[in-house]
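Take a look at the structure set out below.
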Protein chains: 6
Amino acid sequence: MNEQTRKKLMGVSVATLATALFKRGLRSQVIQAVRPVAPKGRNMVGPAFTLRYMPAREDRNQLSEFRNPEHPQRKAIETCPPGAVLVMDSRKDARAASAGDILITRLMVRGAAGVVTDGGFRDAVRIGELDIPAYHQRPSSPTNLTINEAIEINGPIGCGDAPVFPGDIVVGDDDCVIVIPAHLADEVADEAVEMTAYEDFVSERVKAGATIVGLYPCTKDENRVAFEAWRKANGR
Amino acid sequence: MNEQTRKKLMGVSVATLATALFKRGLRSQVIQAVRPVAPKGRNMVGPAFTLRYMPAREDRNQLSEFRNPEHPQRKAIETCPPGAVLVMDSRKDARAASAGDILITRLMVRGAAGVVTDGGFRDAVRIGELDIPAYHQRPSSPTNLTINEAIEINGPIGCGDAPVFPGDIVVGDDDCVIVIPAHLADEVADEAVEMTAYEDFVSERVKAGATIVGLYPCTKDENRVAFEAWRKANGR
Amino acid sequence: MNEQTRKKLMGVSVATLATALFKRGLRSQVIQAVRPVAPKGRNMVGPAFTLRYMPAREDRNQLSEFRNPEHPQRKAIETCPPGAVLVMDSRKDARAASAGDILITRLMVRGAAGVVTDGGFRDAVRIGELDIPAYHQRPSSPTNLTINEAIEINGPIGCGDAPVFPGDIVVGDDDCVIVIPAHLADEVADEAVEMTAYEDFVSERVKAGATIVGLYPCTKDENRVAFEAWRKANGR
Amino acid sequence: MNEQTRKKLMGVSVATLATALFKRGLRSQVIQAVRPVAPKGRNMVGPAFTLRYMPAREDRNQLSEFRNPEHPQRKAIETCPPGAVLVMDSRKDARAASAGDILITRLMVRGAAGVVTDGGFRDAVRIGELDIPAYHQRPSSPTNLTINEAIEINGPIGCGDAPVFPGDIVVGDDDCVIVIPAHLADEVADEAVEMTAYEDFVSERVKAGATIVGLYPCTKDENRVAFEAWRKANGR
Amino acid sequence: MNEQTRKKLMGVSVATLATALFKRGLRSQVIQAVRPVAPKGRNMVGPAFTLRYMPAREDRNQLSEFRNPEHPQRKAIETCPPGAVLVMDSRKDARAASAGDILITRLMVRGAAGVVTDGGFRDAVRIGELDIPAYHQRPSSPTNLTINEAIEINGPIGCGDAPVFPGDIVVGDDDCVIVIPAHLADEVADEAVEMTAYEDFVSERVKAGATIVGLYPCTKDENRVAFEAWRKANGR
Amino acid sequence: MNEQTRKKLMGVSVATLATALFKRGLRSQVIQAVRPVAPKGRNMVGPAFTLRYMPAREDRNQLSEFRNPEHPQRKAIETCPPGAVLVMDSRKDARAASAGDILITRLMVRGAAGVVTDGGFRDAVRIGELDIPAYHQRPSSPTNLTINEAIEINGPIGCGDAPVFPGDIVVGDDDCVIVIPAHLADEVADEAVEMTAYEDFVSERVKAGATIVGLYPCTKDENRVAFEAWRKANGR
């Protein structure tokens, strides 16, 4: 992805991005009901690399499957490109794990930008201590074989009811995760930077006692003027 | 599929098949929470032909999409082989339709053996009147574009938390739908026919006042003997 | 149970009984989210005989278990007293069956007044054709062993979030099922008969064009007088 | 409401209306998860008259409340205009009833066009026998006081996650119920009549063996020509 | 509200208040399934000022709506009285935000005692850092317009299945939030202070090794005597 | 329980144990959807001592019930053996509390190894500060009497959809809780210690840059050799 865009997206919130996409008619891009395994205090940004799970059929999902180096879960970990975010469609089912700390450690070492599942991670406490942002529904200790079979790498998927296409730009903060369609990433990043500047200005004003009427959103000229002055003063 | 197997499967219940698969360690083959759009009084039997939906992204899912003859939903209808059962992974979400009566009519005319979605059908009353078995969660009038995008034809999917691979044998009765792994279909059909004969014998006996102890399951020799006599007498 | 009470309860609705219990501070006696397997057009009435399921542990729940004549599910069927209603606590989970048609046939032949589960029945179409009222959440073909282990006969249970003690009086109509604490059955039956008489009178009046104001509930003397006349005229 | 519009809406399906609203960017107008208490084989059409329930506080919701002729539930029944559809916001909670047969009978006698709740009705079997379309989630015998307090008549509400404003046009068929914003009713009715004509033409063709490609939607001139001929021949 | 009552309620737990209301027959006053955005280590206490959301209709809920200074969400923020708790009925749906950090900052600056939604907040991490107690279901970044329309200020509402009337006294601790009917606030506060004294005494005793039998609840005279001594010794 | 086994189980994760049980065909032993009230950084290990709740009937569940020293909830607290884990079947319903801080303090003082409910605890913040591991779904302030009646001590139960028999060995870490059937505890503990040694070795290797292929699981001889060397070097 565009390195400038990545930098911009490191500095804006998922909430701001959600509003920018809402303006464009996209209402379903936030991955619902996932949360950081541990808050990282910084954004996760990268293109989506996907893994799809289907319901497990018992005869195809014994522990011996993992001996196969082509097993899609293991292969996804070993082929996810550096800088990418591995997004897993676990059918919103957290009764078994989508992955554990060893696989996520490997993903981190390989340079992935982060990992998201709409299921759960096992070894979640350890994953939270790793230097890679990870998002899930809740901790879940059973091996993924218990209910899920990894079936497809890097196809289009759903994650937390959001549509995810490989290459879409995934952004996570300590609240939520959002999926920006690839072709919109640059323009949305630009717009979000602008919106963030205004929101920071508003925050400052509101903390100082200003009403939100006419300020948020800006419907009064005086606020527009004050904002321009604030931008200059703050180098924004 | 094997024509003999199809005939056998027309005469056994999903419950019996579920028990035969349970014996083989398969516990998750019944498609959960779907029901007949209208009871047909006969089984639906055929190999699975699948369609997968993902969450809809609004810019990709306007009505104009249907003008594309390659749209996967429309193409699935036009390419599902005669005798097959179209099984749709609608992510267990019935807030919008998986299909409506015109498409299901076309499917019927093309000779499909039936259709199953873990979402809902629009025009459900009309679909119920067609001469094709159809199973869903509940009627749902909104067009599928509202929440779903048809994305893949004839890949492995989940339907109602059951794993479905293309070519698996799908059997539905007026209670439920089950998915028999392709390689087990013949032996499971044979076994189910045997089990059904015994169950019919038991039913008759129990209606006549017999206890289930020793009879269901058969743990007394006298019942085994009586069953053999009953089979001969009834040509089973 | 008192035969007079049984007769009275055959002629009143679950809705009326729910109101009579509500007056006594009991708000949770209707078994939630169950429905008749098939409408019977007559009430089910009888004292509760209970069976409790717990989650199945796979090593304890193989098909061979049913060979044991002491298996609680089978034993419950063979020991449920004539006239009683077998109420099953299936943990509100309908992913596997609570019982099938052979067992329910045996229950019918043995004279049970009915059967209720907060899970599902397999062979539901056949059960619906039997001459015994049966209530469940939805049809479910997998054998109960798949997720449930029958563990206790005739202890206190929950069913559809209602408390059920052995001997409580269970009443079902074509809408719902309610559990009347044993010590209240006689007085509640009496009161419900009285309420039903008034409701039938009101129904007639409302169909004839009367307002519900002052009539339902009765807050005008003229309605009280008219009701008394109606009772005499109709032998109620 | 416009009488011509009412007639048009009597002849189109909720599915067709949902598509017409989808074209206008309205995706949430179908009332989710309600169904006819009994199928009527004809549409319910009328302007919405609303009743809102809030959670019940026990001290405000004893049976004596119904003695008050101003109780909002009772008053809604007595003031709902003839021709209107009473739509109840029961917070999607069917653990207690939204109303029973006596109130719905009164509503019918007073000339209402129908009634919808996203909760449940008590006396549902009887309501199903009345000559008024009624829609709910499932039968529910407990009195509404058990969990709900009727709090507001004819304000804006949600019903089954659909927004409902008084005066919006409500249409139900044997599948679902939809809410048409008042200002769109006439144009949507016109459009739906046109769409229905085309769908009926398509249905006929598909039953006769035509492919849906180029026909549904119409992307081939020959189909447009054939449709025009069909309209003339059939007086549509 | 009564200042003495406020002080008393600052020192008691929601659990103790729930028991005091349970004694009075009120079982549904705890707002279900909400939690502090961030624990504050002190209670939130104040009279309820309410905002009700209904499902969003897309044509009424574009971003431009916020330019209207009368938009109910914005107006609620600007009119919520100092000392009050803003309670939002978001229909228990956290798929979009009920509000974000700028609005909650404004609410804080204006002197509100706290804010509760049964949906979710966007910018939740920032809201957690503000000096105002806030409670929600989970973080949710999409703008409220995505699924909700703010429709009514300071009417009776439901929040997390609890009934809330304007002026009811809302108390939150780091576990839960409860709604005390206005007319009961003073007496319940008094009683809860008494109960808390006893519970603190019990806690001390139990930590020192005492059995709960006869102590909790107090059924032995010796414990009553010891408690009285403890009160004097501890100035309670 | 075997003291050696207890020590071993203190040093392994629930995830590892889940895999060891999965190998033995046990897929449902993790208690679903519970989490630590507060992370303890050490395992909870002990034999299960159980308490079962059923739905509360209002006349049997007034506050006065707690005056009875034989009340099962209170008695369970006073009779749970030192070293045991009290496991409560709260029917997965967290709308009311399973217990509060005073009872859990008493349990701690009496030497219990921990406590688990599939409902919620009141006074959860205080319970989190106690020196006893506690697991629940979420904080819940209403007294248990509101929806639950404690009915049976030390029988077989379900907890979070896991089967629990008295004496089964319960292990919790900061992610999840698992139930090991009593007869398997020793062998599973041994195996888990072995697995943990290998996982720790793998973790170290992966952090140092090794691929998981051939290492996790071990399918290359060189890794087996390296592991043996690592064990000696690290005294494992």
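The values are calculated or read from the model by the stated rules, or taken from the named source; none is laboratory data. A quick note: this is a predicted structure, and the numbers were derived from the prediction, not measured. Backbone-built Cβ (ideal geometry, glycine too); neighbour counts: all protein chains shown. Ligands, DNA and RNA are excluded from the accessible area calculation, which covers all protein heavy atoms including side chains. Shrake-Rupley method; radii C 1.70, N 1.55, O 1.52, S 1.80 Å.
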>> Can you pull out every residue in the stretch C:143-157 that is in a strand (DSSP E or B) and either among the acidic types (D, E) or open to solvent by 10 Å² or more (accessible area, probe 1.4 Å) (or both)?
In response: C:E149, C:I151, C:E152, C:I153
> How many residues does the stretch D:191-236 hold that are farther than 25 Å from B:T79 by Cα and among the basic types (K, R)?
Replying inline: 3
> Can you name the residue in the stretch E:18-47 that is more than 13 Å from chain D (Cβ to nearest Cβ) and more than 18 Å from F:D123 (Cα to Cα) and is also surrounded by the most Cβ atoms within 10 Å (Cβ to Cβ) among such residues?
Replying inline: E:G46
> In this structure, does A:D123 turn out to be within 12 Å of the chain's Cα centre (by Cα) and of a type in the set (D, E)?
Replying inline: no
> So which residues in the stretch C:7-27 are touching a strand residue (DSSP E or B) at 6+ places or on another chain (Cβ under 9 Å) and free of Cβ contacts under 8 Å to residues at least 12 places away in the same chain?
Replying inline: C:K7
>> Taking the condition of being of a type in the set (G, A, S) and either open to solvent by 40 Å² or more (accessible area, probe 1.4 Å) or more than 10 Å from chain C (Cβ to nearest Cβ) (or both), how many residues in the stretch B:1-17 meet it?
In response: 1
> Of the numbered conditions (1) open to solvent by 50 Å² or more (accessible area, probe 1.4 Å); (2) within 30 Å of E:I178 (Cα to Cα), D:T79 satisfies every one except a single condition; which is it?
Replying inline: (2)
> For the stretch C:69-102, what are the residues that are of a type outside the set (G, A, S), in contact with a Lys or Arg (Cβ under 8 Å, 6 or more places away or on another chain) and more than 24 Å from F:M54 (Cβ to Cβ)?
Replying inline: C:P69, C:E78, C:P82, C:D101
> Just checking, how many residues over the stretch B:104-122 are open to solvent by less than 10 Å² (accessible area, probe 1.4 Å) and at the interface with another protein chain (Cβ under 7 Å from one of its Cβ atoms)?
Replying inline: 1
> Would the stretch C:150-173 turn up any residue that is over 30 Å from F:R60 (Cβ atoms) and of a type outside the set (A, V, I, L, M)?
Replying inline: no
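Okay, residues lined up against (1) open to solvent by less than 50 Å² (accessible area, probe 1.4 Å); (2) among the basic types (K, R); (3) in contact with a helix residue (DSSP H, G or I) (Cβ under 9 Å, 6 or more places away or on another chain):
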position: F:I178; (1), (2), (3): yes, no, yes
position: F:D186; (1), (2), (3): no, no, yes
position: F:E194; (1), (2), (3): no, no, no
position: F:V206; (1), (2), (3): yes, no, yes
position: F:G209; (1), (2), (3): yes, no, yes
position: F:P217; (1), (2), (3): yes, no, yes
position: F:D221; (1), (2), (3): no, no, no
position: F:K232; (1), (2), (3): no, yes, no
> Is it the case that some residue within the stretch B:123-136 is under 21 Å from D:F22 (Cα atoms) and either open to solvent by 30 Å² or more (accessible area, probe 1.4 Å) or modelled with pLDDT of 95 or more (or both)?
Replying inline: yes
> Do you know which residues across the stretch D:140-180 are within 14 Å of D:D93 (Cβ to Cβ) and either within 12 Å of chain B (Cβ to nearest Cβ) or among the charged types (D, E, K, R) (or both)?
Replying inline: D:E149, D:G160, D:D161
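Each row is one residue, and each column tells you yes or no for (1) among the small types (G, A, S); (2) farther than 30 Å from D:A162 by Cβ; (3) outside any loop (DSSP other than H, G, I, E, B).
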residue	(1), (2), (3)
B:R138	no, no, no
B:P166	no, yes, no
B:E187	no, yes, yes
B:I212	no, yes, no
B:A229	yes, yes, yes
B:R236	no, yes, no
> Can you tell which of D:T50, D:T16 is within 24 Å of D:L130 (Cα to Cα), modelled with pLDDT of 95 or more and hydroxyl-bearing (S, T, Y)?
Replying inline: D:T50
> Which is open to solvent by less than 20 Å² (accessible area, probe 1.4 Å), on the phi > 0 side of the Ramachandran plot and not basic (K, R), of A:G160, A:G172, A:G167?
Replying inline: A:G160
